[in-house]
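The block underneath contains the structure these notes are about, expressed in structure tokens.
Each reported figure results from applying straightforward, stated rules to the coordinates on display, with no laboratory input. Please read all numbers here as calculations on a predicted model, not as lab measurements. Neighbour counts run over all protein chains shown; Cβ positions are idealised from the backbone, glycine included.
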Amino acid sequence: MPAPETPSRRIGGFRLLRGLGAGGMGVVHVAWDEALQREVALKVLAPHLSADDEFRRRFAREARTQAGLDSDHVLPVLATGEDAGRLWIATPLVRDGDLGSLVEKQGPLPPALALDVVSQVAEGLEDAHRAGLLHRDIKPANVLVRRRGDALHAYLADFGIARGVDDRFTRTGVLVGSPTYMAPELHRGEVAGVGSDVYAVGLLLWILLVGSPPWTGTDYEVARGHVEGAVPRLAGRGPLVEGLNRLLGRALAKSPADRHPDVGALRADLREVTALVAEGTPTAAPAPRPVVRPEPRGPRRGRRAALVVAAVLVVVVVAATGVALWPSDDGEPGGEAGPSDGSPSATDAPTSDLTAAGEDPARRQQAIDNLTAAFETETGDESTARCTAEQWVDDVGVDRLVENDALDDDLQPTDTDVSEYDADVRSSLTLAGIGCGLSG
């Protein structure tokens, strides 16, 4: 293949040809490998993040993670390096795009093809888990596909926020992932586990069958759907639909303990359901049922605080351009997704019965000022940081923050892991952040 004549910048031994996409951590280019005379996909750390040590470490971890995996369904790493402070990863150029683009263009996939693609993703994910790695951001945009006649070969990509299976948060209050695909426990600020990836694979199957996520709207509405929406089910009758609903009901269970214990068990269920297709089982066209709207409830300690991810900073890293009630798996449709009557919208200032009475004004102000400074360091937005600090302090009170070791005795923010806060305290913070527009 002759080298393209397009003039462009060079990074390492690659000549950048054109942009391919951008995500929360970097920019992807189509590039020319001057040594091997071929086109590749070259992901380069976003320039505005080059000075951020945390992002640089995360970006480098993606290269090491993918390079260390030997799997037919994990996108391989061809090379990695640094050029003038710019970290880069070269991978094969998968020209047929990703599952997100595919579904957007042609709609839901036939059940046989959807099951085949998700089975491939599950195989790659199981290889990653065997290597001790969680993906934590499985979604259609992070699954690349190569067409082979009527079939698709799937590659699980973008391990930029992967962590070891036993890792905990390494930066207090920072969560990464895509809210649409995050498991309920992640929306509560808990530590990701194998079950979180299983949940995301279940969502992936739903999207391929239906053409859209079960919950859409604002981040608040999506998070509320994950915690309060009934486990989504396909309409129709017959062994295949029933088999799919059994699989989805388990993979998308609200509690990790009720999901498949590992990806191997999920793959076994996928094989069983796929066999129904192979046997020619008649099927009804899959269609989503409406999300059950939760009934309005009276005020309760922690009620509004248990809906969204709790963190000192809600950081949503979207890699390709990221709440608990226990509804029955066979819940019937009862309305559209979204806040119930009388509940706050994603932009309303949060309210609850947690507001501390009789707070020392000077002590309150000191706590707010210290938290504002900490939040502003992360966001660069003083007004948003102050709004979030005021809402959190006024909601739970200074004493509760000290008791939870969110603030020390001098009212300075601590390094305590957010997952160690009381549930209402950590979740109250998140709803305050969403109400004030805190994001990253």
remark   = Under the Karplus relation with 6.51, -1.76 and 1.60 and θ = phi - 60°, whole-Hz ³J(HN,Hα) for the range 189-198, x at Gly and Pro, equal x, 8, 6, 5, x, 4, x, 5, 5, 4
ask   = Could you put Tyr199, Tyr155 in order, starting from the residue whose Cβ has the fewest other Cβ atoms within 10 Å?
value = Tyr155, Tyr199
key: Within-9-Å neighbourhood charge of Asn142 [Cβ basis; K, R +1; D, E -1]   = -2
message = What lysines does Lys105 reach when the alpha-carbon gap must be under 21 Å and sequence neighbours fewer than 8 apart in one chain are set aside?
response = Lys139
ask   = So what J values fall out for the range 113-129 if you push phi through Karplus, 6.51 cos²θ - 1.76 cosθ + 1.60 with θ = phi - 60°, rounded to Hz, Gly and Pro as x?
value = 6, 4, 5, 5, 5, 5, 5, 5, 4, 4, 5, x, 5, 4, 4, 5, 5
Relative exposure of Ser178, Ser212, judged by other C-beta atoms within 10 Å (fewest first) = Ser212, Ser178
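Treat the count of other C-beta atoms within 10 Å as a stand-in for reagent exposure and order Asp127, Asp70 from fewest to most.
Values: Asp127 18, Asp70 9.
Sorted ascending by nearby Cβ count, the order is Asp70, Asp127.
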remark   = With the 8 Å Cα cutoff and a minimum separation of six or more residues, the range 10-92 has a relative contact order in percent of 25 percent
request  = Go through 215-221, 380-386 and give me the packing order, highest mean Cβ count within 10 Å leading.
outcome  = 215-221, 380-386
